[in-house]
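Asks: Provided herewith is a single structure, encoded as structure tokens, for subsequent inquiry.
Just so it is clear, none of the values below were taken in a lab; they were calculated from the coordinates. Quick caveat: nothing in here was measured; it's all calculated off a predicted structure. Note that we place each Cβ from the backbone using ideal geometry, even for glycine, and neighbour counts take in every protein chain shown.
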Amino acid sequence: NAGVTQTPKFQVLKTGQSMTLQCAQDMNHEYMSWYRQDPGMGLRLIHYSVGAGITDQGEVPNGYNVSRSTTEDFPLRLLSAAPSQTSVYFCASSLGQGALNTEAFFGQGTRLTVV
Amino acid sequence: AQSVSQHNHHVILSEAASLELGCNYSYGGTVNLFWYVQYPGQHLQLLLKYFSGDPLVKGIKGFEAEFIKSKFSFNLRKPSVQWSDTAEYFCAVNAEGSQGNLIFGKGTKLSVKP
């Protein structure tokens, strides 16, 4: 099983450019989410989705958009990249629409640098 | 708001020393608790999890954690660390009603000297 697949693994953007980070899972999980990891800050939730067609904001949503047209895919869009968005981004999925007693599976991460 | 506190930012130990990393959370209801490890340049890996039942949870690589509900704590322990345990460790909580969103602590870097 592939699990949670993120692409690309590395990306360098110029300020103001846009791009989409891809996330796909093949476990038929209803719940998917995006986190960013910054030194000394742990992981912070950007956006999440409890099922196809349903998305909501997390702790740090500004500057990011998401959509969930299928169960498998949950892309994260940066509309106009800023240096403050330099970070490592992790996508995660889990079974159940926000239920307890489920484990999250994480992708390998995307290291994004905005210059 | 829910929060997770990890007491130590950086811990330095010699090989064979015992390890205990603290984790406290702020939520009075039902919780799931997790410890993740991130080796340098790698993604997150699940070390262990607590859903219910025996509060002493055993995970991979000789790690264990104890859930103490009265103290809102979920401390991670290992009797004898190895150089290969050098990594960053994250405690995370999934609280009832949070729609499955994990709240992470800020992480503890563990450096093990050979």
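Asks: If you take every DSSP beta bridge fully contained in the protein assembly as shown, what fraction is antiparallel? Give it as a percent rounded to 5.
Replies: 90
Asks: Give a residue-ordered list of calculated ³J(HN,Hα) values for the range B:108-113 (Karplus: 6.51 cos²θ - 1.76 cosθ + 1.60, θ = phi - 60°; whole Hz; x for Gly, Pro).
Replies: 10, 7, 10, 10, 10, 8
Asks: Right, something else. Students often get this wrong, so check it: of B:58/B:113; A:14/B:49; B:69/B:106; A:14/B:113, which have C-alpha atoms separated by over 32 Å?
Replies: Distance filter (> 32 Å) returns A:14/B:49; A:14/B:113.
Asks: OK, next. State, as an integer percentage, the relative contact order of chain B based on alpha-carbon contacts under 8 Å between residues 6 or more apart.
Replies: After rounding, I find 37 percent.
Asks: Continuing with this model, one more query. Starting from the amide H of residue A:102, placed 1.01 Å from N in the peptide plane, find each other amide H under 5 Å away whose residue is 5 or more places distant or on another chain.
Replies: For residue A:102, no residues qualify.
Asks: Counting Lys +1, Arg +1, Asp -1, Glu -1, what net charge surrounds residue A:68 among other residues with beta carbon under 13 Å of its beta carbon?
Replies: Taking every Cβ under 13 Å from that of residue A:68, the sum is -3.
Asks: Next up: Could you go through the range B:7-21 in sequence order and give the Karplus-derived ³J(HN,Hα) for each residue, using 6.51 cos²θ - 1.76 cosθ + 1.60 with θ = phi - 60°, rounded to whole Hz, and x for Gly and Pro?
Replies: 6, 10, 7, 9, 10, 10, 10, 8, 4, 6, 6, 8, 10, 9, 10
Asks: Taking the alpha-carbon centroid of each part, what is the distance from the range A:1-70 to the range B:62-114 in angstrom?
Replies: 23
Asks: Which FRET efficiency value, to the nearest 0.05, is calculated for residue A:12 and residue A:95 with the Förster distance at 41 angstrom and r the Cβ-Cβ distance?
Replies: With a Förster radius of 41 Å, E is 0.75.
Asks: Between residue B:69 and residue A:67, how many nm apart are label points set 7 Å from Cα along the C-beta direction?
Replies: About 4.5 nm, to one decimal.
Asks: Counting only residues 5 or more places away or on other chains, whose amide H sits under 5 Å from the amide H of residue A:86 once H atoms are built in the peptide plane?
Replies: A:114
Asks: Would you mind telling me which residue in A:62, A:101, A:28 has the biggest mean-square fluctuation in a Gaussian network model of chain A, where springs connect alpha carbons within a distance under 10 angstrom?
Replies: Looking only at A:62, A:101, A:28, the biggest GNM fluctuation is shown by A:101.
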